[in-house]
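Here is the structure we will look at, set down as C-alpha cells.
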Amino acid sequence: MSAEAIDQIFITLKHAILGWLAPYLPDWLMPIVSAVLSITPILMVFPLVFALTTVVERKVLGRIQNRPGPNRVGIPLTNIRLAGFGQFIADGIKALIKEDVVPRNADKVVHFLAPIALVIPVLLAYSVLPIGKNMTALDLDSGVLFFFAVGSATELSVFMAGWSSRNKYALLGAMRAIAQMVSYELPLVLSTVGVIMMTGTLSTAKIVDAQAGGFWHWHAATPWGFAAFFLFLIAATAEANRTPFDLPEAESEIIAGYFTEYSGFKFALFFLGEYLGLFAMSGLGITLFLGGWHAPLPALEVVPSWIWFFLKLGVFILFFIWLRGTFPRLRMDQLMNLAWKFMVPLTLITIVAAGVWRFMDPGATRCLTVTAMIVVPYLLLSNALYTARGVGKRTYRYAE
Amino acid sequence: MTLAFAILAALIVVSAVAAMTLRNLVHCALCLAVAFIGLAGTYLQLGAQFVGLSQVLVYVGAVAILIVFAILLTRSGEPGPGRQFSATALMGVAIALAVFAVLGKVITSSAVAKRGVLPAPQTSVAQLGQKLMTDYILPLEVLALLLTAAMIGAVIIALKEKESAK
Amino acid sequence: MNPLTGYLLLAALLFSIGLAGALTRRNAILVLIGIELMLNAANLNFIAFWRYGPNPEALTGVMFVLFAIAIAAAEAAVGLALIISIYRHYKTTNVNDVNELKG
C-alpha cells in the first residue's frame, strides 16, 4: 500500500461506503448520508482527544507540581493500570450518573439550553478545519469567516448560563467572560487578516495549499506571520478562557464563574465545550500559520497528512497545559489593557507589515524592513505602556 | 416553496413575534438572536454566503450581546407588575396590520410574482472584495469614518453623565 | 407562487412584526429591537431581489446589505448608549415616562 493510499484511506473508505449504499437509498438521501459520513468521525475523534487531554493535563500539571497525577484507574476488573489512562472513563461515568441540580429560582428553559447552545457552535466550527489532504468536511468559500461567526455565537450561550442561574457569581463570571471574549475577538480576527491578504482567499483548504513544501513556506516562518501567530496565540488563549486568562472561572474569586450552578452532565457539556473550543482554535492556528496538514519537510510527506495535523494539535495542547501550569492569572484591568492598548495596535501593524511584505522584492532587505516594522513599534509600545503604568520597586505598608 | 424555506420562515416569524411580545426582556433578546440566526440561514439558502456569515458575526456576536448588556445595565431584565404595552397598543397593532396588508397586496399583485426563476448566480468572496476595492471604495471609506464616529460617540454618550455625577 | 414572492412576503411580515413591537412596547430597548427587525426585513428584501433579479453579477444587493449591516451595528451601539444615558438620568427606560425637555 503506497503512502498516498494510506493518506487517503478515510476518503476511499467513505466513497466505498457511499458506493455500497447507493443502490439501496433514494438519490435525495445521498448528500445527507455523505454529510453524516463526514461529520461522524469528527464527532467521535475530537471528544476522544478531549477525554485523553483531561488525563494528560492532570498528569502534566502533576509533574509540573512535582507529584505523579492520576495513575490508578486502568481497565476495570483487571490489574492493568495503563498509567492512569482509564481515568477519563471513570470521570465520564461519574458525570453521567451524578445528580443534576437546578436552582429553584433558575430560569429553567434558558438554564437547560445554555450548555447545548455552547456545544453546537463549537462542533460546527470543526466542519471547516482541514484535518488532512482532501479532508475538510465543509470546504466553504468563506471558511475562516464561518469559523469566527460560529465562534461568536458561543458568547451568547455563556451569557445564558450566567444569567439564568440567578447566582451573583455566575452573573459576574458571565459578564467577565463576555467582556473578555468581545475584547479578544478583535485581535484574534485582525491577526488572521495578514494571512488572508497573502493567500487572497477565505477558504481554509486553499490557505493550507498555499503553505505547501516545507516549514519555510509556512506563514509563521515570515516576520509578519510570526508576529501575527504570536498575537493569535495570545488571543486564542484568552478566547478559550485558559490560564492566564481564566478570570471568567477564577475559582479563588468567583467559585466557577458562569457554570457555578451546573452539575452532572450539563457541567460535563460545558467542560467539553470549553476544551473543544480550545482544540478548534488550535486547529485554526495550525491551518492559518503552521501549514495545516503539511509535513515540516518535503521528505516527511510519506507520513499521512492527518497524522501531521494531530501531531501539531498535540503540541498545541501540551503548550496550553504548560501555560496553565506556569502562569499566574491576570487582573481584570490588566486583561483589558493588554487587549485594547497592546494587542489591537500590534495586530494592525502586522497587517501593514504583511502588505509591505507582499509588495517588496524577496531578499534580506524585505526581511529586515518588515522585522523592523514590527519590532520597533513593539518596543516603543511596550516601553510606553510600562512607563505609563508607573511601576517601581514594590513597597510594603504595615499596620501601625 | 421548499421545505427548508418553510422551516426557516416559521423559525423567523415565531421568534420575531416572541421577541416582541415576551414579558422578560432577556428572553426577548435571546429570541431576537434566534431570529437573526434564522435570517442568516435564509441568506445562506439564497446563496449569499458572505452576507449570511457576516449576519451571524455582527448581529448574534455583537448586537445581541450589546442588547443583553444594555438590559442588565438598565436593570430592566425582569419588569415589575406594570403594563408592558403602551396605552395605544391596539392602534399600533392595527397600523402594523394595515402596513402588512398593503405590502402583501402590492407584492402579490406586482409583476415580479410572475417572473421566471433564474439559475443561482455564481459569486465568490474574491469578486465581492474586488467590487469593494474598486466600485465601492468611496462608500467603504465613508463607512469606516462613520463607524469610528459612532464608536467615539457611543463612548462619549455613555461616559458623560458618570463624570458629572462625581 | 414563485420563490421571490415567498421571500418578499416573509420580509413584509417581519417588517410588520417589528413595526407593531416598536409602536406598542413601552421599553426603549424593545423599541430598538423592533427597529432592528425592520432593518433586517429590508436586508432580506435586498438579498431576495439580488438572487432572483435580472442582473445578479453586479452584486448590488449583497453590497447594500453588507453596508446596511455595518450601519446597523453602529446604530445599535449609539442607540443603546443613548438608552443607558437616559436610564442614568431618569432611572427608567420606559419611553412614555421620558417626556420632559428640561432634565
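Every number in this text was worked out from the coordinates using simple rules, so none of it is lab data. Remember, predicted model here, so these are calculated numbers, not experimental data. Note that each Cβ is placed from the backbone with ideal geometry, even for glycine, and that neighbours are counted across all protein chains shown.
Once the Cβ-Cβ distance of residue A:42 and residue B:144 is raised to the sixth power relative to R0 = 45 Å, the FRET efficiency obtained is 0.75.
Subtracting the Cα-Cα distance of residue A:300 and residue A:397 from 0.36 nm times their residue separation leaves 28.9 nm of extension gain.
Based on Cα contacts under 8 Å between residues 6+ apart, segment A:208-280 shows a relative contact order of 18 percent. Using only Cα atoms, locate the centre of segment A:8-77 and the centre of segment A:149-213, then give the distance between them in Å, rounded to an integer. Cα centres, segment A:8-77 to segment A:149-213: 24 Å. Between residue A:253 and residue A:93, the distance separating the two model label sites (each 7 Å from Cα on the Cα→Cβ line) works out to 3.9 nm. Given the protein assembly as shown, what whole percent of its Cα pairs are spread farther than 41 Å? Pairs farther apart than 41 Å: 33 percent. Charges were assigned to the Cβ only: +1 to each Lys and Arg, -1 to each Asp and Glu. The resulting dipole of chain A about its Cα centre is roughly 1260 debye.
Per-residue ellipticity at 222 nm from helix content only, as computed over chain B with -39500 (n - 2.57) for each DSSP H run of at least four residues, stands at -23500 deg cm²/dmol. With both labels modelled 7 Å from their Cα along Cα-to-Cβ, the residue B:155 to residue A:71 distance reads 5.4 nm.
Placing a pseudo-label 7 Å from each Cα along the Cα-to-Cβ vector at residue B:90 and residue A:365 gives an inter-label distance of 8.1 nm. Of the residues A:154, A:365, A:387, the one that moves most in a GNM of chain A with alpha-carbon contacts below 10 Å is A:387. Residues in segment B:35-68 near a label at residue B:120, defined as backbone nitrogen under 20 Å from the 7 Å Cα→Cβ point? Hits in segment B:35-68 for residue B:120 at 20 Å: B:37-56. Toward the positive end of the charge dipole of the protein assembly as shown, with +1 on the Cβ of Lys and Arg and -1 on the Cβ of Asp and Glu, the farthest Cα among A:151, A:41, A:10 is that of A:151. With R₀ set to 22 Å, the beta-carbon distance separating residue A:378 from residue A:326 gives a calculated FRET efficiency near 0.45.
Per residue, the average separation of C-alpha pairs within less than 8 Å and at least 6 apart gives segment A:1-155 a relative contact order of 17 percent. Projecting the Cα atoms of C:98, C:79, C:60 onto the charge dipole of segment C:36-103 (Cβ charges, centred on the Cα centre) puts C:98 farthest toward the positive pole. Ranking of B:37, A:307 by neighbouring Cβ atoms within 10 Å, starting from the fewest: A:307, B:37. Separation of segment A:100-132 from segment A:255-277 is 9 Å, based on Cα centroids. This model, with +1 at the C-beta of Lys and Arg and -1 at the C-beta of Asp and Glu, gives segment A:185-292 a dipole about its Cα centre of some 460 debye. Comparing C:28, C:12, C:74 in a Gaussian network model of chain C, where Cα atoms under 10 Å apart are tied by springs, the biggest mean-square fluctuation is seen for C:74. Gaussian network model of chain A, Cα springs within a sub-10 Å range: biggest mean-square fluctuation belongs to which of A:34, A:157, A:165? Between A:34, A:157, A:165, it is A:34 that shows the largest mean-square fluctuation.
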